[in-house]
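The values are calculated or read from the model by the stated rules, or taken from the named source; none is laboratory data. For clarity, every value in this text was computed on a predicted model and none was experimentally measured. Here the Cβ positions follow ideal geometry from the backbone for every residue, glycine too, while neighbour counts run over all protein chains shown.
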């Protein structure tokens with residue numbers, strides 16, 4: 001059991017077909033005690049019940065620093081510790097460069113980048129006290145290739161910011177026993193992509209993927225599991241690409 005008795009907080013994990021939910025199930029299967037955080041308390045609690053009786057869910061708006069701190073305090077109050085944080089919460093918008101206005105930019109960067117900062121800040125004191133912890137940040141292939149299939153330039157910018165933030169946190173927190181790593185998914189079939197991917201577009205995209213298929217949420221969840229566990233004990237500041245070879249550096 002790679003995560004036996006470890007308390008694992010996952011943001012944005014209520015969506016039934018999302019990466020966060022798949023990660024929650026993967027962690028629970030390896031003995032982790034999962035905490036689902038999402039905007040809606042009822043949905044977060046329902047997601048936790050779906051995983052099993054040992055897990056729980058809370059409402060948390062990751063763009064609200066006080067809410068992140070309160071959620072972390074609630075977790076410690078109930079579970080006694082926080083061993084793993086997966087910064088999964090994110091949104092995207094399919095806009096072109098000249099279509100992006102201030103509201104679009106702020107919405108996307110607030111959730112993807114500010115949310116990663118605030119939630120990480122919220123768990124660091126507990127991890128520091130424990131002298132151990134693993135933070136996993138979800139970025140995107142969009143940050144690496146300059147644009148994705150469904151995300152606009154502001155999404156690429158936010159996810160590139162996540163990579164820089166994660167590396168800086170890794171450098172600062174290493175001496176506290178806290179590891180910080182990132183995962184960059186390619187095109188993953190989730191609720192976000194479900195209604196936008198036509199068969200024609202799917203076939204065209206697959207032509208550029210050496211492994212010959214689109215990704216599924218479990219592909220990303222397994223990379224998160226590796227980074228959360230002691231299998232990656234000597235990894236910090238790294239980036240794991242999960243894209244089937246769509247982007248080979």
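Listing for the model above:
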read-out	value
Count of the range 38-67 residues which are modelled with pLDDT of 95 or more, in contact with a strand residue (DSSP E or B) (Cβ under 8 Å, 6 or more places away or on another chain) and part of a loop (DSSP other than H, G, I, E, B)	5
Residue among 237, 151, 147 that alone is within 24 Å of residue 99 (Cβ to Cβ), under 19 Å from the mean Cα position of the chain (by Cα) and touching a residue at least 24 places away in the same chain (Cβ under 8 Å)	151
Residue satisfying condition, being surrounded by 17 or more Cβ atoms within 10 Å (Cβ to Cβ) and closer than 22 Å to residue 15 by Cβ, within set 240, 178	240
Matching residues, the range 97-119, being free of Cβ contacts under 8 Å to residues at least 60 places away in the same chain and surrounded by 17 or more Cβ atoms within 10 Å (Cβ to Cβ)	100, 105, 108, 109, 110, 111, 112, 113, 114, 116, 117, 118
Count of the range 79-96 residues which are surrounded by fewer than 24 Cβ atoms within 10 Å (Cβ to Cβ) and within 12 Å of residue 159 (Cα to Cα)	2
Yes/no for residue 70 being in a helix (DSSP H, G or I), at pLDDT 95 or above, at negative phi and crowded, with 19+ Cβ neighbours inside 10 Å	no
Residue selected from the range 121-143 under the condition under 21 Å from residue 74 (Cβ atoms) and surrounded by 22 or more Cβ atoms within 10 Å (Cβ to Cβ), by the criterion nearest to the chain's Cα centre (by Cα)	136
Index of the failed condition, residue 218 passing every other in (1) surrounded by fewer than 19 Cβ atoms within 10 Å (Cβ to Cβ); (2) modelled with pLDDT of 95 or more; (3) over 14 Å from residue 136 (Cβ atoms); (4) in contact with a strand residue (DSSP E or B) (Cβ under 6 Å, 6 or more places away or on another chain)	(4)
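Yes/no matrix, rows are residues, columns are (1) touching a strand residue (DSSP E or B) at 6+ places or on another chain (Cβ under 8 Å); (2) closer than 11 Å to residue 115 by Cα; (3) part of a helix (DSSP H, G or I):
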residue	(1), (2), (3)
75	yes, no, yes
78	yes, no, yes
89	yes, yes, no
95	no, no, no
